[in-house]
Amino acid sequence: MSSFLDGHTLPLIFAALMAISILAYVILDGYDLGVGMLMAHGDRAERDKMVATIGPFWDANETWLVLGIGLLLVAFPTAHGVVLQALYLPVALMLLGLTLRGVAFEFRVKAQAQYQRWWDWAFIGGSTLSSLTQGYMLGLYIMGFKEGWVTQAFALAAAAGLAAAYCFVGATWLIGKTDGALQRRAVGWSRWTLVATAISMVAVSLATPLVSPRIFERWFAFPNIIGLLPIPLMTGALFLSLWVFLKRMPRTDHSLDFVPFLGAVSLFVLGFLGLAYSFYPYIVPEKLTIWQAASAPESLFIILMGALVVLPVIAAYTAFSYYVFRGKATELRYD
Amino acid sequence: MDPILLARIQFGANISFHILFPTITIALGWVLLFFKVAFNRSGNEKWMNAYRFWVKVFALSFALGVVSGITMSFQFGTNWPGFMERVGNIAGPLLAYEVLTAFFLEATFLGIMLFGFRKVPNWMHTLATFLVAFGTTMSAFWILVLNSWMHTPAGFELRDGVAFATDWWAIIFNPSMPYRLAHMLLASGLTCAFLIAGLSAFRWLRQDRGPDVMAALRTGVAIGAVLIPVQIFVGDLHGLNTLQHQPAKVAAMEGNWTTKGHVPLLLFALPNETTRSNDFEIGIPGGASLILKHDFAGVVPGLNDFVAPDGTRLHPPVAPVFFAFRIMVGMGVLMLMVSWLAAWQLWRRGDIGVPLAWVLVGMTFAGWVATLSGWYVTEIGRQPWLVTGVLTTAQAASTVPGGMIAATLAMYLAIYAILIAAYISVLFHLAGKGLKGVASPTGAGVAKGGAPVHPAGATAKDK
């Protein structure tokens, strides 16, 4: 093993890989779950169209969660145990939600006619439950798993905030993948969820430095603040431009239909970078750093070799799949 | 109740629920590829119609496998934090390779396989079908490598109780891996064969006897009839491998308490751990010795050899292993008789006949029973160890309070019961729809511009 890939560098690389997986999951399954929640507002025909926009992708999107949690498990086993035991109940509820949502993809069209509507509601309820519990866990994580009502209140607010953000990215995805009446409705959904997302992001950005003096120091100590200023400024500018752009949607020309979605993705990336900067080098806030939690370098090295070969291939065939199902979504059919 | 027992029941319930669906999809992927290639070569529509029906079953089974698999990836950490802390250096890379080489592959190409028929060239669709089948099989490979390593660990050293890899080749090709992998892949083939034969026989009984139904029926029966003798042979080899590496498990399977020769093959008994003997024993004299040692006088290990001087039991609980083993073997014998009889009937008479068709319907999920009981034999048979000789199940348990485990266990059990009921009823619902005249390749059951597919209205709608 080269000295470059030692016990110091490897945990860093794996923290980065895990962060990328979680970010990919939040964006990709985020739009799936958002579409699932928004289905509450559609009739059966609209729901079919909404499912058709995510049908070919959701399974691979959800795999990023398995990779993210898998990397936590294999690269930082100690943190995995601590985090998942602290989040035992919300994890169980999230899994219930993901289970209902995942099987409802199939059951909502294959079950006996009288049950199909139930599965639609399982789809909507499952998507909502998964999004809320993920936001709740994010809130607990930001608060460092502290006890007390402040933590609970913050976590509940984070639950609503992440659900709003998922609805926003889901609505922008629908703008890109649909046209006509459904697209007009999606534009409406995207406007108010954009506002809700903005409020939550501001709330989290204010709360995080307040709960942790260490994070406060990282952001507001003197030279840092200058270098970091672009992150909140860019985020603010992005919110405003998205608002203005969405005001002018839908357009007769469809060439810019994916712009709101790309804007939403950029918001997620900026928000994620902000959080990552706040918590680095901790993997369990204020308790465990990535080096304290890491597995043996030999094992990390073996995984890294495989990942370096396989991840580009995964990226390639994922791109291929998005290329095959490019443009406006068409009816899902097997033949 | 004891939190460790609750955690085991919860994990056992999840993993039992999960294995039902990969057991179907691993082999069904290859059967779909066979249908697709048969269509490509012959141009006969019956193969494509068979593909279209079975791809629905595949999609449904796959979705159930995915969601229960995600639950499992979390339960490793919530239920057994000690597992990754002690053997994570071995288990981690194996699980990572499963995600990287199998999960993304199957999930991505599943989209193209299911919904891409009109969007990609035919060869690409066939390739996507192959890659999905290949992905499910790779997934089975990696997880069985890890499971086998837990039974027969090799290629590592312990430093302060933590396992470190010394030889990845030895870890992957650990002593029980080839047998376990072959045994499981064959189990998948048989489960899939009886599912195909059972649902096709159901369609046949409902007068849905098109060439695609008959082709699927013949395919299912043929796969079952060919694989079952191979499975019995491989199962025997696997048992001999277990005798060598995990004698306590074999002692529990045979219900044999004292190490001796001329051990009978027990057809029935009630193992009694208090008296450390069997009640109501009925057996074939010397049978177990003959099977395990190929000699009536062969010495078979007994459970009493696996008790510590202080009385601590170092062997698995006897009754569950003993009975699960008999259910598995009994199911295997039944599969042998039914599949050969059905093959003979189809070959000689060209048709299945009503009585045998009903038997096949009754055995639609025979593979599930055999697979689950086989897994109970091997997994309960490994107790009290989680990783043989390295880590006990109790050492790996979490500190989550029992009440919390019990509450989530109740939730999981309720949802699994609902999902299994929905799955089975929807399979028969899909199979029964052929009768309504919707066997034509119009993708019945798939979202079609919103109108729900109503059984009564299906005929008119799909014409």
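The number of residues in the range B:380-420 being of a type in the set (S, T, N, Q) and surrounded by fewer than 15 Cβ atoms within 10 Å (Cβ to Cβ) comes to 1. A count restricted to the range B:84-96 and to residues that are more than 21 Å from the chain's Cα centre (by Cα) and within 7 Å of another protein chain (Cβ to nearest Cβ) stands at 7.
When B:L266, B:L237, B:L292, B:L270 are checked against the criterion of being in contact with a strand residue (DSSP E or B) (Cβ under 6 Å, 6 or more places away or on another chain) and surrounded by fewer than 17 Cβ atoms within 10 Å (Cβ to Cβ), B:L270 stands alone in meeting it.
The numbered conditions (1) more than 7 Å from chain B (Cβ to nearest Cβ); (2) not in a helix (DSSP H, G or I) are all true for A:P56 except (1).
Report yes if A:F168 is closer than 20 Å to A:K49 by Cβ and under 14 Å from the mean Cα position of the chain (by Cα), otherwise no. Yes: the conditions hold for A:F168.
This table checks each residue for (1) of a type outside the set (F, W, Y); (2) under 17 Å from A:L95 (Cβ atoms); (3) in a helix (DSSP H, G or I).
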| residue | (1), (2), (3) |
| --- | --- |
| B:A7 | yes, yes, yes |
| B:K36 | yes, no, yes |
| B:W47 | no, no, yes |
| B:Y51 | no, no, yes |
| B:K56 | yes, no, yes |
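Each residue in the range B:142-154 was checked for being under 15 Å from B:G92 (Cα atoms) and touching a residue at least 40 places away in the same chain (Cβ under 8 Å), and 8 of them qualify. Whenever a residue of the range B:410-424 is over 19 Å from A:Q116 (Cα atoms) and at pLDDT below 95, its partners that are aromatic (F, W, Y) and in a helix (DSSP H, G or I), lying with C-beta atoms within less than 9 angstrom and at least six residues away or across chains, give the pairs B:Y412/B:F17.
Has the range B:320-336 got any residue that is assigned to a loop (DSSP other than H, G, I, E, B) and either surrounded by fewer than 14 Cβ atoms within 10 Å (Cβ to Cβ) or among the hydroxyl-bearing types (S, T, Y) (or both)? No: zero hits. Tell me yes or no: at least one residue of the range B:73-83 is at negative phi, within 12 Å of chain A (Cβ to nearest Cβ), among the hydrophobic types (A, V, I, L, M, F, W, C) and outside any helix (DSSP H, G or I). Within the range B:73-83, one or more residues are at negative phi, within 12 Å of chain A (Cβ to nearest Cβ), among the hydrophobic types (A, V, I, L, M, F, W, C) and outside any helix (DSSP H, G or I). Do the conditions hold for A:W219, that is, is it at negative phi and touching a residue at least 24 places away in the same chain (Cβ under 8 Å)? So A:W219 passes the test.
With the structure loaded, tell me whether A:L174 is under 18 Å from the mean Cα position of the chain (by Cα), modelled with pLDDT of 90 or more and crowded, with 22+ Cβ neighbours inside 10 Å or whether it fails that test. Spelling it out, A:L174 is indeed under 18 Å from the mean Cα position of the chain (by Cα), modelled with pLDDT of 90 or more and crowded, with 22+ Cβ neighbours inside 10 Å. Scanning the range A:59-97 for residues that are free of Cβ contacts under 8 Å to residues at least 40 places away in the same chain and more than 7 Å from chain B (Cβ to nearest Cβ) yields a count of 2. Considering B:P178, B:P153, the condition of being more than 9 Å from chain A (Cβ to nearest Cβ), farther than 26 Å from B:I420 by Cβ, surrounded by fewer than 21 Cβ atoms within 10 Å (Cβ to Cβ) and not β-branched (V, I, T) is satisfied by B:P178 alone. Inside the range B:46-80, residues that are closer than 16 Å to B:L28 by Cβ and free of Cβ contacts under 8 Å to residues at least 24 places away in the same chain make up a count of 2.
This table checks each residue for (1) closer than 20 Å to B:T191 by Cα; (2) in contact (Cβ under 8 Å) with a residue 60 or more places away in the chain.
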position	(1), (2)
B:G311	no, no
B:P317	no, yes
B:I327	yes, no
B:L360	yes, yes
B:M363	yes, yes
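When the criteria are applied in full, B:E106 fails the requirement of being surrounded by fewer than 24 Cβ atoms within 10 Å (Cβ to Cβ) and either within 11 Å of chain A (Cβ to nearest Cβ) or not in a helix (DSSP H, G or I) (or both).
For the range A:97-145, the tally of residues that are polar (S, T, N, Q) and over 20 Å from A:A163 (Cα atoms) stands at 3.
Among the residues of the range A:4-24, are any aromatic (F, W, Y), touching a residue at least 60 places away in the same chain (Cβ under 8 Å) and either surrounded by fewer than 18 Cβ atoms within 10 Å (Cβ to Cβ) or not in a helix (DSSP H, G or I) (or both)? No, because not a single residue in the range A:4-24 is aromatic (F, W, Y), touching a residue at least 60 places away in the same chain (Cβ under 8 Å) and either surrounded by fewer than 18 Cβ atoms within 10 Å (Cβ to Cβ) or not in a helix (DSSP H, G or I) (or both).
The single residue among B:F35, B:F62 that is over 25 Å from A:R108 (Cβ atoms) and surrounded by 22 or more Cβ atoms within 10 Å (Cβ to Cβ) turns out to be B:F35. Of all the residues in the range A:9-53, those that are among the small types (G, A, S), over 18 Å from the mean Cα position of the chain (by Cα) and within 13 Å of chain B (Cβ to nearest Cβ) number 3. Residues that are at pLDDT 85 or above, surrounded by 14 or more Cβ atoms within 10 Å (Cβ to Cβ) and among the aromatic types (F, W, Y) number at least 2 in the following helices (runs of 4 or more DSSP H) confined to the range A:233-335: A:259-279, A:297-324.
If we scan the range A:136-143, do we find a residue that is aliphatic (A, V, I, L, M), within 11 Å of another protein chain (Cβ to nearest Cβ) and not in a helix (DSSP H, G or I)?
no
The values are calculated or read from the model by the stated rules, or taken from the named source; none is laboratory data. All figures in this text were calculated on a predicted structure; none of them were measured in a lab. A quick note on method: Cβ atoms are made from the backbone with ideal geometry, for glycine too, and the neighbour counts reach across all protein chains shown.
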